[in-house]
Amino acid sequence: MKKLFLILFFAVASTTFGQNQINFVSGDNFDFLKDQTSINVQLKFDNAAYQEKNLTEAQYIENRKADISVRKSEKVWNNWIYQWDKFKTSEYLEYFFKGINAKTKKITFRNDITAKYTLIVNAKWVYAGWYGGMIGSQEAKLTADLLFVETDNPSHIIMKLQADKIQGKKENKDFSWEYGRIAAAYEITGKKLGAEIKKALK
């Protein structure tokens, strides 16, 4: 019985150990970044699943539209979908940059720049969390593949990591809405990746 308990304990531990951290999938080290001063960054959401039910983005938006339109108003919904698209287009990137550039002083991460390497942040699963005011709230979580590729040859993957259920923090003015909470998860993902790079290249 004791042996069975230990087996179950280690099985559970092995499935939860990697959560809320950056895990290495392939690539030996960050040595390829040693002589770099800038890295290009792209965000992708093509195959991202949302919430516990693994909804598509279209399904998630449809559910939110029905909820917001009924509980609030059409005007609030129109602003919500505008902000959702805005955050996907630019704000998630800015929060990611805020996180990673605070850690990697010698290397600047930006988008649409000329650089030897590009970091692709490919969202795989997004949990939007919830906001309950005085009742409490739940931070968003992000699982994403982090791919360092050659900018001129994107099929050549130098390193692959996975951000596994990275949890955001209540640190921005838009936290009461999904896009604000998800932005916080991108910021923390940047911080964690930046810390790994700083530690490896010091």
*Quick one: how many residues across region 65-76 are among the basic types (Lys, Arg) and either at pLDDT 95 or above or open to solvent by less than 80 Å² (accessible area, probe 1.4 Å) (or both)?*
2
_Return the residues of region 77-103 that are among the β-branched types (Val, Ile, Thr) and surrounded by 12 or more Cβ atoms within 10 Å (Cβ to Cβ); say none if nothing qualifies._
Ile81, Ile100
_Failed condition for Ala163, given (1) small (Gly, Ala, Ser); (2) more than 30 Å from Thr37 (Cα to Cα); (3) within 14 Å of the chain's Cα centre (by Cα)_ = (2)
*Among the candidates Ile188, Ile166, which residue alone is modelled with pLDDT of 95 or more, closer than 17 Å to Ala48 by Cβ and not charged (D, E, K, R)?*
Ile166
_Condition check: farther than 30 Å from Asp28 by Cα and more than 12 Å from the chain's Cα centre (by Cα). Does Glu150 satisfy that?_
no
*Taking interchain pairs and intrachain pairs at least six residues apart, which have beta carbon atoms under 6 angstrom, with the first residue in region 165-189 and on the phi < 0 side of the Ramachandran plot and the second assigned to a helix (DSSP H, G or I) and acidic (Asp, Glu)?*
Ala183/Glu91
*asked:* So, in region 47-104, how many residues would count as being touching a residue at least 12 places away in the same chain (Cβ under 8 Å), aliphatic (A, V, I, L, M) and within 18 Å of Thr143 (Cα to Cα)?
replied: 4
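Please tell me if Trp125 is modelled with pLDDT under 95, within 21 Å of Tyr60 (Cα to Cα) and out of contact with any helix residue (DSSP H, G or I) (no Cβ under 8 Å at 6 or more places or on another chain).
no
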*Within region 67-85, identify whether any single residue is outside any helix (DSSP H, G or I) and among the aromatic types (Phe, Trp, Tyr), and answer yes or no.*
no
*Taking the stated definitions as given, is Glu62 over 30 Å from Asp152 (Cβ atoms), modelled with pLDDT of 95 or more and open to solvent by 70 Å² or more (accessible area, probe 1.4 Å)?*
yes
*Within region 15-50, how many residues are touching a Lys or Arg at 6+ places or on another chain (Cβ under 6 Å), open to solvent by 20 Å² or more (accessible area, probe 1.4 Å) and either of a type in the set (Asp, Glu) or part of a strand (DSSP E or B) (or both)?*
2
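The values are calculated or read from the model by the stated rules, or taken from the named source; none is laboratory data. In this text the structure is predicted, and so the values were computed from the model without any measurement. Glycine gets a Cβ as well: all are built from the backbone with ideal geometry, and neighbour counts include every protein chain shown. Quick note on the areas: whole protein, heavy atoms, side chains included, nothing else; ligands and nucleic acids left out. Shrake-Rupley method; radii C 1.70, N 1.55, O 1.52, S 1.80 Å.
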